[in-house]
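Since the structure comes first, as structure tokens, the remarks are kept for the end.
The values are calculated or read from the model by the stated rules, or taken from the named source; none is laboratory data. All values derive from a computational prediction rather than experimental measurement. Cβ atoms come from the backbone with ideal geometry, glycine included; neighbour counts cover every protein chain shown.
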């Protein structure tokens, strides 16, 4: 009996239940058996020893407990009367690699068949890439024998189908069935239309339209979707240059504050997202100089090394060819504190000229082209936009 308890512990079962101040493990079961045997019971007397009768907990590293739903006559759960114990009468909790099951009624767990499983990852490649490159030809057998995979791996994987921070929404809506209970918000398909339950729907023979509301399933996003915690974490790391993700619109907007946009030549160099952002940051201090052009010299890019020389040639612009009048433009510095109305007025004035606009801009250079292009109308109207 004690050896059985030690064996079950090596299989991942934990004995932490307590009753009447005693810890229910196989040591306690052995003591109760000795006490029962010393009472002189008859030969046909029975005793039930089960330290996991009211709660079973099991933990296995790099593996999870497979489904315990009865599928065959051998894979079933039995109570103290050797009757099948339906899973709907059990409280099943899965947290990481720990699995626990507890009966909701007065029944006890007397038999359970637990099987462990560990999921592995698999990548299926198309025969032809999006660029038209041949990967595998099933007719001739021509193939690429080596592929370079650039990706990031996650840590602390526990062997389960688990994507922390994401919600997996699959296109697995089932047809409505009679005599079946549905919880609030459940989506079913009935006569080619998707319906959502407005409340708990009790088993019924016919479909009651008053208990369902038609749902536009085409507007529901499918696939791997970030949950609320993941989205909140993305906001917290919006400006973290060491956690850049150029596939995220949030990161692209954040790095847009320094003028960053994905460059095709950086992607062609097989630079990851973090490297692209940090290289552009180094461009800012030396932008327009030879230092920015020499940034990739002596850089080790896989098996290749950048080695090139740049020779500067300077020139002085003497004139502009073509319709240069169309290139005339001006810039005004606006004071947000003064433009509190919508619309707000801004007027360009000459020295000693009065104005009733919300903000005035003094024209000390007497820009004649500005007055001509606005037909001497120097008042500009701006509307504030709600962002």
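Among the residues here, residue 178 does not qualify as surrounded by 12 or more Cβ atoms within 10 Å (Cβ to Cβ), modelled with pLDDT under 90 and either at positive phi or out of contact with any helix residue (DSSP H, G or I) (no Cβ under 7 Å at 6 or more places or on another chain) (or both). When the helices (runs of 4 or more DSSP H) confined to the range 198-304 are screened for residues that are farther than 29 Å from residue 148 by Cα and either modelled with pLDDT under 85 or in contact with a helix residue (DSSP H, G or I) (Cβ under 8 Å, 6 or more places away or on another chain) (or both), those reaching at least 3 such residues are found at 228-236, 273-286, 290-293. Taken as a whole, the condition of being modelled with pLDDT of 80 or more, assigned by TED's automatic domain parsing to the domain that holds residue 14 and surrounded by 13 or more Cβ atoms within 10 Å (Cβ to Cβ) applies to residue 101.
This table checks each residue for (1) within 30 Å of residue 65 (Cβ to Cβ); (2) in a loop (DSSP other than H, G, I, E, B).
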{"position": "123", "(1), (2)": "yes, yes"}
{"position": "131", "(1), (2)": "no, yes"}
{"position": "146", "(1), (2)": "no, yes"}
{"position": "151", "(1), (2)": "yes, yes"}
{"position": "164", "(1), (2)": "yes, yes"}
{"position": "167", "(1), (2)": "yes, no"}
{"position": "177", "(1), (2)": "yes, yes"}
{"position": "188", "(1), (2)": "yes, no"}
